[in-house]
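Data first, discussion second: the structure below is written as structure tokens.
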Amino acid sequence: MNRLLFVVLLLAACSTPPQPVSVPATPVTAAAEVSTLVVPIRASLAPLLPMIESQVPKSFLKTDDYELDPQHRFGMKYKVVRDPIALKMQGAGLHASTTVHYALEGCKRTRNPVNGTYSMWPCISCGFAEPMRDAAIELQSRLDWGSDWTLRSTTTARPVLFPNRCAVTLLNIDITDWKLAPLVQEQLQAVAKTIDRNTPKLAVIRPAARQIWSSLQTPFEIAPRTWLVLDPIDVGLAPIRGSGVEVASALTLHARTRVVIGQKPATTTRPLPPLKSAEPNGSGVRVPFDLEIPYDEASRLLTEQFAGHVYQTGSSSVAVESIRLSPGSNGHINIEAAIDFRGGGLRRYHGLVYLDGVPAFDAPASSVVIEGLRYRLDPKRKNPFLRTFDRMAHDEVEERLGAGAKWSLAPQLADVRAEVERGLTRQLTAGVLLRGRVDSIQLVAIVPAPTAITIRIIVTGSAEVEVKEWR
């Protein structure tokens, strides 16, 4: 009886089960995800200072002779000298200020009735032979982005402040207002014009924005026949903020991100869209990635996991010699395992068993597991005795195989992380560098495809574009 059982089992073990139908491999590309890339913009207003200093007079002098009013009623001498101009960003505005020091002397033009000559007398003065008086000049510039993608300023002057006003009044005319105010106002207008004329030269961002927009649309090979594709959707500029003489803003760019496997995908370059305002909401890169594990590779990994191990429980033992995976139906995976089962007495079997289960992802362990493993009777086994044996042994076989039916994806996920980070950290064009990092890898789905187990993941991280010079 023992010999007969052995022969029957041996014949069953040598029988060939049905083979899965081979289906040609077709690349699978996950649906594109929307990513946000932030391009910090920084510019210095310091170059404005020498421009202002060179174009705005530092002093107005009339001290060698008297300047007469149009009606020749009085004459005046004056000296106006300004301090260096200070620039300071305050939120979204640029504050320009300086102090003007001045001295005035006003004299009545008096005719001598005897000889008809004129003399300058009586005279009133301030700031001569005593400390000069002060006037405070302040301007406020609002900075924003022009339609031509340049920095733009709109400068307005504040009322002039005279903290220690020079009260020189002749013929009921306040010479401070009559003469000094126009001179100070001229200073104000000169400063304002210089700021507004030269601010656009400090940050011309359109060329760099166009380069970034165009370069991102070029597919980048992150691995052999694996392309990272960024399709820009729109771009916006954040309002300007600043501190000291430094101004900051951000170019926020949204792009559809995907990975394509196969030949380099053809793309159509879209032109840079019109400028719009957009508050930055943080950078977030989402790269969909289909990680394909061929069934042969998964079979090899599971065989390495099990082969050579004997699983003992009481008087029963199961030794797994090899495992072969193939696609099942309704999202299941078929498992064909070559085992050596010894259950004591006549309960012995050396051959193939068949199971199926559902692939799942063990996130903490970065592993694929096959859940719900169920023993499946071999449809070719018509012998009632062998089918009875299947029923007797299947619980133990399920338990042993189910406990270890998993394999680690850590090496593959590490490769994906490295490949995506390489695609997000590269030079886009001269002086423009894309810097990115991967923060996490999230499972989306596991799909038993005809030729491989497709693990759909989303690689999340952040990215910024560094521009060395915005001019």
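The values are calculated or read from the model by the stated rules, or taken from the named source; none is laboratory data. Since we're looking at a predicted model, the values are computed, not measured. Positions of Cβ are backbone-derived with ideal geometry, glycine not excepted, and every protein chain shown enters the neighbour counts.
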Select from segment 359-374 the residues that are under 17 Å from Glu336 (Cβ atoms) and in contact with an Asp or Glu (Cβ under 7 Å, 6 or more places away or on another chain) and write down the one among them that is surrounded by the fewest Cβ atoms within 10 Å (Cβ to Cβ). Arg374
Looking only at segment 103-121, count how many residues are touching a Ser or Thr at 6+ places or on another chain (Cβ under 8 Å), surrounded by fewer than 19 Cβ atoms within 10 Å (Cβ to Cβ) and among the hydrophobic types (A, V, I, L, M, F, W, C). 2
Does Ile240 satisfy the criteria of being surrounded by 21 or more Cβ atoms within 10 Å (Cβ to Cβ), in contact with a Phe, Trp or Tyr (Cβ under 9 Å, 6 or more places away or on another chain) and in contact (Cβ under 8 Å) with a residue 60 or more places away in the chain? yes
Which numbered condition Lys88 fails, given (1) among the basic types (Lys, Arg); (2) buried (at least 17 other Cβ atoms within 10 Å of the Cβ); (3) in contact with a His (Cβ under 9 Å, 6 or more places away or on another chain): (2)
Out of Val39, Val100, Val81, sole residue that is farther than 30 Å from Gly236 by Cβ, surrounded by 18 or more Cβ atoms within 10 Å (Cβ to Cβ) and hydrophobic (A, V, I, L, M, F, W, C): Val100
Within segment 404-445, work out how many residues are assigned to a helix (DSSP H, G or I) and touching a residue at least 12 places away in the same chain (Cβ under 8 Å). 13
Of all residues being in a strand (DSSP E or B) and among the small types (Gly, Ala, Ser) in segment 35-70, which is nearest to Ile458 (Cα to Cα)? Just the residue, please. Ser35
Conditions (1) over 30 Å from Thr425 (Cα atoms); (2) in contact with a helix residue (DSSP H, G or I) (Cβ under 6 Å, 6 or more places away or on another chain): number failed by Thr150: (1)
Within segment 446-471, the count of residues that are over 28 Å from His332 (Cα atoms) and assigned to a strand (DSSP E or B) comes to 8
Could you give every pair whose Cβ atoms fall below 6 Å, whose first residue belongs to segment 210-226 and is in the same structural domain as Gln427 (by TED's automatic domain parsing), and whose second residue is assigned to a helix (DSSP H, G or I), counting only separations of at least 6 or pairs across chains? Phe220/Gly423; Ile222/Glu419; Ile222/Arg422; Ile222/Gly423; Ala223/Glu419
